[in-house]
Each structure stands twice: as structure tokens, then as C-alpha cells.
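These notes are about the structure you will find just below.
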Amino acid sequence: MPADVNSAFDIAFWFSDMALNENISMQPQRLQRMLFISQAYYSVAYPKRKLMPAVFVADELGPVEPNVFMSFSKGRPDVDVELFLPPDVDSFLKSIWGRFSQYDMDRLNEITNETLAYKQAKNRGNRSEITLEAMRLSFARNETSHDVRSVMKPKIMRTQSGKPVVVKAWNPANKLPN
């Protein structure tokens, strides 16, 4: 399944930049939880799509994307990333950031480590892969107590007469029956 961004580093840098702009500490474990939550919710919000080409594994402390984890272990790495993400990805990440950025590490760990996806991978052994499908199912079943609709706030705009309307991306696959 193709990903909607080029690399997990694009998303990691997006979160790091947001934290820097808002003067929020982005420790490596916090970044890992935000990446995991983003990948999982994206697969629920956009079925058959993947946010980033990433593989998460069940580590002792929680889910980890090992390449990003190792690269950020000594600070921000010097890698090329996309500075401007697609608008729908950027909007999605803003929703994730708005919902989860203020949570402390205990709450973020609770959200990620209590999912069936993480627990099953952990039971298979340390560093076992957490599949995207398992992540999607865990978050679709509301195991985290956050329904995807509560995470992704609809974009509300106004008509020329002032009437509020919800704006969604056009999806030709969702045609109405004739």
C-alpha cells in the first residue's frame, strides 16, 4: 500500500517543528507515540491508505519506529524532508496535534500501550512488528477511547449568506447510486 508522504521523517519533523513553535518538549518517546497514533488514526480515517512508509515494533516502553528512533536519539538528524506536506495530510496532522500534543507521557503510553495491536506484538517478543492492519483495528474499535470523528474535526466554512457548511475532500469513489 503506497504512503501519502515520502518518509516517516517528514512526519517526525512536522511534529518536532510544531513542538518547537509551541515551546513543547518533544522527547524521543513522545515523538514515537505521536507517530504511532498518527499512523493508526490515518488508516482509520482514510481506509486503504497509509500516512507514512513506516514499520512499528513493540519495544519495552511502547511502540517504536526504529529508524526514526535511532536517528533522533542524539537530537534532530540532518536529513532532507518535505517542508510542505499535502494539504489533507497537514490538516490531519493538525487535528492529531490539537488532540494529543498536550497529553503527558503517561496518557500517551496508556493510549498506545493498551491497544490490542501493541499487546499482541509484544506477546510475540520484543521488537515484533505491529502491523498496520492491527493498528487500524485497534483504533477503529475505539480501544483508545478516542473515536476518529472526535480526533478529526470537520472543516467548517460559511456560504456567502453566512450559513455554516462542513467541507470535505471530494472523493469520486463514494458516488451515489443512480
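Derivation of every value follows stated rules applied to the coordinates shown; laboratory data play no part. This one's a predicted model, so the numbers in the text were calculated from it and none came from an experiment. So basically every Cβ, Gly included, is an ideal-geometry build from the backbone, and we count neighbours across all protein chains shown.
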- Query: Here are some residues: Ala12, Ala40. Which one is farther than 21 Å from Ser128 by Cβ, of a type in the set (A, V, I, L, M) and within 14 Å of the chain's Cα centre (by Cα)?
  - Reply: Ala12
- Message: Here's a check for you: in segment 113-128, which residue that is within 17 Å of the chain's Cα centre (by Cα) and not in a helix (DSSP H, G or I) is nearest to Pro53 (Cα to Cα)?
- Response: Thr115
- Residues being over 25 Å from Pro47 (Cα atoms) and either free of Cβ contacts under 8 Å to residues at least 40 places away in the same chain or not aliphatic (A, V, I, L, M) (or both): count how many of those fall in segment 86-108. 5
- Item | Qualifying positions in segment 14-52 - free of Cβ contacts under 8 Å to residues at least 40 places away in the same chain and of a type in the set (A, V, I, L, M) | Leu20, Met26, Leu35
- Message: Could you check segment 43-81 and list, in sequence order, the residues that are more than 13 Å from the chain's Cα centre (by Cα), closer than 15 Å to Arg127 by Cβ and of a type in the set (D, E, K, R)?
- Response: Asp59, Glu60
